[in-house]
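The values are calculated or read from the model by the stated rules, or taken from the named source; none is laboratory data. This one's a predicted model, so the numbers in the text were calculated from it and none came from an experiment. Using ideal geometry, Cβ is built from the backbone for each residue, glycine included, and neighbour counts are taken over all protein chains shown. In case anyone asks, the SASA skips ligands and DNA or RNA and just uses the protein heavy atoms, side chains included. Shrake-Rupley method; radii C 1.70, N 1.55, O 1.52, S 1.80 Å.
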Amino acid sequence: MTRTWPRLAIAPVLLTLPAAAAITCDLNSPATDVPRLFPGATRFKTTYFSVTGPDLQKVLRRLGEPNRPLYEPLEVPYTLYEIFKGDARAGYIHGINQKGQFGVIQVFLALDLQGRVITFYIQKMTGPLAPKLRDPAFAGQFTALSLRDFRTFDPVLGKGTGRLAKIRNPVPGMDTDFFGVLRGLYKNLVLMDACFYSHAGDPA
């Protein structure tokens, strides 16, 4: 099934949605979310993937196996939105679920073909910090960041140097969700690198 409208077209889903679909991280309204998160997109294709075998081990090494309790389970189906401008692939939109103090935080990234953040978007989050962390001014600080920025910043300890270290918690003293967001960003970038970018030439 293909839907079309003036600016954007949805390609058919390539794979049957896995049985554990309830724990995937999907955009609430792809038809309106995609052009908002990825300006210039003319169509997108939705696919699903899981992290297994060597890719899973690669992700665990990079997140740090002892840190696994800080993250939502990794062995779940993931939804990937491949973004096109005309006939050419322009990038991806991908979301992950991350543990927060008051429940799940859904961290979406629109990424260019080099793995740089075009748009950072928290789709779901509850708690007193949510309005501050979902504010566009806060999200704008992540534009153009990539996995390389984590070479000098530890998202578990919340310490380091570079651009990530300059991003301040908008509500000092309530650090759990702030660092949960940074870990969600890191997890999202690591997954995309392990499953897609590294196969095309590691940008990290």
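Results, tabulated for the structure shown:
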| item | result |
| --- | --- |
| Test item: Cα-centred dipole of the stretch 46-105, Lys/Arg +1 and Asp/Glu -1 on Cβ, debye | 180 debye |
| Area accessible to solvent at Arg183, 1.4 Å probe radius, in Å² | 40 Å² |
| Mean Cα-pair separation over length for the stretch 86-156, i.e. relative contact order, pairs under 8 Å, 6 or more apart, % | 24 percent |
| Reachable lysines, given that their alpha-carbon falls under 18 Å from the alpha-carbon of Lys45 and they are not under 8 places away in the same chain | Lys85 |
| Relative contact order (%) - the chain, alpha-carbon pairs under 8 angstrom, separation at least six | 17 percent |
| Per residue solvent-accessible surface (Å²) - the chain, probe of 1.4 Å | 47 Å² |
| Carbon plus sulfur fraction of accessible area for the stretch 75-203, probe 1.4 Å, in percent | 53 percent |
| From phi via Karplus (6.51, -1.76, 1.60), per-residue ³J(HN,Hα) for the stretch 148-157 in Hz, x at Gly/Pro | 4, 5, 7, 5, 10, 9, 9, x, 7, 7 |
| Overall form of the stretch 88-160 per C-alpha gyration tensor (a/c, 1.5; a/b vs b/c) | oblate |
| Student exercise, the stretch 103-204 dipole from Lys, Arg, Asp, Glu Cβ charges, in Debye to nearest 20 | 200 debye |
| Residue among Leu157, Leu133, Gln101 farthest towards the positive dipole end of the stretch 90-188, charges placed on Cβ | Leu157 |
| Mean ellipticity per residue at 222 nm, deg cm²/dmol - from DSSP H runs of n ≥ 4 across the chain, formula -39500 (n - 2.57) | -7000 deg cm²/dmol |
